[in-house]
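Asks: Submitted below is the structure of interest, expressed as structure tokens.
A short reminder: the numbers here are calculations on the coordinates, not readings from a lab. Keep in mind the model is a prediction, meaning the values are calculated, not measured. Cβ placement follows ideal geometry from the backbone for every residue including glycine, while neighbour counts extend to all protein chains displayed.
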Amino acid sequence: MYARKAFSSFQRRSPAFTLVEMLVVITIIVILAGLTFPAIGQARREAHITNCLSNMQQVGYALVHYASTEGEGDARSFPPWITLLTTYPTERNPVVLPELLFCPTDMNRGREGARPNDLVDGGGNPIDQFENVDIDPHDGPRDGSGPVGEIPCSYLFEFSGEPCDWLYGHSGPVSPGTNAGIPSGYEFQWGQVPSWDEFLTRVDRDGNGIVSWNEIKHLTRRGWDEKGLRGYGTQVPVVRCFWHVRGRLEADSVVLDLLGDNRAVRRSQSGWHDR
């Protein structure tokens, strides 16, 4: 009898949680989640960046191997498309596995090309991820990664064999300093702007009358002292990844670059122009 009374008394002294107490507990959980989830998201993004830099580094080693085996050992001997590394020297034993051409952040696994379809510039204008011209025989370029419909790739290959759309993006070569003529701007600040014939003689190494991205980037590397054009050396990126940019590509947006000395780094979109 006494035990039954004691148990009954204990039950009366141990009521359930009140609504206020439950709300306090829920609020604490929400606050903790709000503090934890961003940290988890940031850790995931950092892991993706680390993996992406590793991919780019291995692609860089493969480019060096290709250039030293197939040509003169420098960027002039790079393949016209970076995807060719997945079949070189053979498809069964390539220097680069196709998986290395996918940025971990790119959920489309290279099918959108070297930039997200929704990427815009600082003015809110869409950035065309495909080259603006196609004046060579194949089906069409994809940011130097290869013809459309071939192996997908998340990375922009700056030293590709594609025609340089700075020069051919409109009606063809015209007067110096225009969108369809000799390039000018932060990357090409001429002390004395050359004529088109001078420019073509200097840049068109293979003499086919077409200036490729590979050829124009060599000019960016070495400069042109007689014309007062600065050279940026190994700071000129060879391979770039834009998949870690969120929506708008500004001058200070962080992109990943494989440099000419085969270092894979993160830096601002225009950072190498300031060196």
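Asks: For region 189-261, build the charge dipole from Cβ charges (+1 Lys, Arg; -1 Asp, Glu) around the Cα centre, then report which of HIS218, GLY231, GLY260 sits farthest towards its positive end.
Replies: GLY260
Asks: Counting Lys and Arg as +1 and Asp and Glu as -1, each charge on the Cβ, what is the dipole of region 34-130 about the Cα centre in debye, to the nearest 20?
Replies: I would put it at about 280 debye.
Asks: Could I ask something else about it? Subtracting the Cα-Cα distance from 0.36 nm times the residue separation, let me have the gained length for VAL25 to GLU226 in nm, one decimal.
Replies: 65.0 nm
Asks: By per-residue mean of other Cβ atoms within 10 Å, what is the highest-first order of 229-242, 30-43?
Replies: 229-242, 30-43
Asks: Using +1 at the C-beta of Lys and Arg and -1 at the C-beta of Asp and Glu, which of THR36, ALA75, ASN55 has the Cα lying farthest in the positive direction of the dipole of region 17-124?
Replies: Working it through, the farthest residue towards the positive pole turns out to be THR36.
Asks: With the Cα gyration tensor of region 195-259 giving a ≥ b ≥ c as the square roots of its eigenvalues, does the rule (a/c under 1.5 for rounded; else a/b larger than b/c for prolate; else oblate) give rounded, prolate or oblate?
Replies: Because a/c hits 1.5 or more and a/b exceeds b/c, region 195-259 counts as prolate.
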